[in-house]
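In what follows, a single structure is set out as structure tokens and then discussed.
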Amino acid sequence: MLAAQAGGAPTDALAATVPAWYEAVFQTVIDERWARIRTLGDPHDDPFAGVPVERATALQTAVFLPAYRTIEARINWSLCACPTPAWARRIYGEPDVARLWRDLRYAVRLDEPDPAAAWEARRDELVSRAAKLDEAAFAALRFRGGGTDLYVPLHRDTTWQPAWLTTSWGRRFLCNLPSEEIYVAPDYRGVTGTAVATRPVTVNGVQVSGLVLRFADGRVVDVAADSNAAAVRASLDQDAGACRLGEVALVDASSRVGRLGIVFKETLLDENAACHIAWGAAIHDSFPDGLPDDPAPSRPAA
């Protein structure tokens, strides 16, 4: 339905229009402190095939923004993988739902005698790791290998975080399962170098393979890809901040998603397979005192 709207609306404005009732649903979630659960498992590799990428990106952004406001408002939320024949076909080339269940059981530790205890143990490990990195107070990260040579300075006010969050009224929750990452907000102004994606990535519902990004003065200045580079460029052109880094995450080799060696074609799973970066908005929970607006350089490039 979204593809029909993006491709068939008579004007660009209508192609990216979100109805008032949709906005109101998410406002109710915020006002009444509902928990929000979203299921994943898109049956299509490219649901917007044949639609101009600018229109597809504009509509995807318009649909996402009301949902993102619930994250900004710090309600408790979660993404949930839901195996379907179509999703299994996207991954394996055949609708083997049983195989997808087996892989997901392993990825989210449902194969453990006490899955909840296994989740808590992994969470505690990530919390401890984040605390050690905060104590070390590193000024920057440097990624090298496989064509990547990327320098990422870290914002002086940010802290390392796992996906272990707190609502605005004090309830703790683990927002993602699986969750193998710890993340932090960079000082986007100093990001320089080249990042080569070793796995396919999903950008506004489009699968992009062989992605290469080049940064200069904190901005993406060049994009190349084996497929669907236009989708990346459209995403980066959304506004002035879209072409800057908002997150950098570390994932260790013990990640169960990484060990499977499968591209699930869903960000919830695939981002937990390896270290990664994300352009656009910063993660607000990385800033204990709120997201700063500081025009001065934060940490010196060291």
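The values are calculated or read from the model by the stated rules, or taken from the named source; none is laboratory data. All values reported here derive from a predicted model rather than from experimental measurement. Here Cβ is always computed from backbone atoms with ideal geometry, including for glycine, and neighbour counts include all displayed protein chains.
Inside the stretch 166-236, counting only strands (runs of 3 or more DSSP E) that do not spill past its ends, which hold 1 or more residues that are out of contact with any Pro (no Cβ under 9 Å at 6 or more places or on another chain)?
Those strands (runs of 3 or more DSSP E) span 172-174, 181-184, 192-196, 201-203, 212-216, 219-224.
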Checking residue 138 against (1) among the hydrophobic types (A, V, I, L, M, F, W, C); (2) assigned to a loop (DSSP other than H, G, I, E, B); (3) closer than 22 Å to residue 35 by Cβ: exactly one of these is not met. Which one?
(3)
I'd like to know if the stretch 156-164 contains one or more residues that are in contact with a Lys or Arg (Cβ under 7 Å, 6 or more places away or on another chain), surrounded by fewer than 21 Cβ atoms within 10 Å (Cβ to Cβ) and outside any helix (DSSP H, G or I).
yes
If you go through the stretch 13-28 one residue at a time, do you hit one that is more than 17 Å from residue 59 (Cβ to Cβ), touching a Phe, Trp or Tyr at 6+ places or on another chain (Cβ under 9 Å) and not aromatic (Phe, Trp, Tyr)?
yes
Hits in the stretch 35-90 (condition: without any contact (Cβ under 8 Å) to a residue 60 or more places away in the chain, surrounded by 14 or more Cβ atoms within 10 Å (Cβ to Cβ), of a type in the set (S, T, N, Q) and not in a loop (DSSP other than H, G, I, E, B)):
70
Quick check on the stretch 12-34: of everything there that is assigned to a loop (DSSP other than H, G, I, E, B) and without any contact (Cβ under 8 Å) to a residue 60 or more places away in the chain, which residue is farthest from residue 209 (Cα to Cα)?
32
Taking into account only those residues within the stretch 219-243 that are surrounded by fewer than 18 Cβ atoms within 10 Å (Cβ to Cβ) and among the polar types (S, T, N, Q), which is farthest from residue 187 (Cα to Cα)?
227
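Residue-by-condition table, conditions (1) modelled with pLDDT of 90 or more; (2) over 23 Å from residue 239 (Cβ atoms); (3) not β-branched (Val, Ile, Thr):
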{"residue": "14", "(1), (2), (3)": "yes, no, yes"}
{"residue": "19", "(1), (2), (3)": "yes, no, yes"}
{"residue": "29", "(1), (2), (3)": "yes, yes, no"}
{"residue": "44", "(1), (2), (3)": "no, yes, yes"}
{"residue": "52", "(1), (2), (3)": "no, no, yes"}
{"residue": "56", "(1), (2), (3)": "no, no, yes"}
{"residue": "64", "(1), (2), (3)": "no, no, yes"}
{"residue": "69", "(1), (2), (3)": "yes, no, yes"}
{"residue": "72", "(1), (2), (3)": "no, no, yes"}
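Picking from 97, 127, 152, which residue would you name as being more than 25 Å from residue 39 (Cβ to Cβ), at pLDDT 95 or above and surrounded by fewer than 21 Cβ atoms within 10 Å (Cβ to Cβ)? Break it down stepwise before answering.
Values: 97 fails: more than 25 Å from residue 39 (Cβ to Cβ); 152 fails: surrounded by fewer than 21 Cβ atoms within 10 Å (Cβ to Cβ).
Within the list 97, 127, 152, the selection yields 127.
Within the stretch 105-118, work out how many residues are free of Cβ contacts under 8 Å to residues at least 60 places away in the same chain and either of a type in the set (Ser, Thr, Tyr) or in a helix (DSSP H, G or I) (or both). Before the answer, list the steps.
Within the stretch 105-118, the subset free of Cβ contacts under 8 Å to residues at least 60 places away in the same chain is 105, 110-118.
Keeping just the survivors that are either of a type in the set (Ser, Thr, Tyr) or in a helix (DSSP H, G or I) (or both) gives 105, 115-118.
The total comes to 5.
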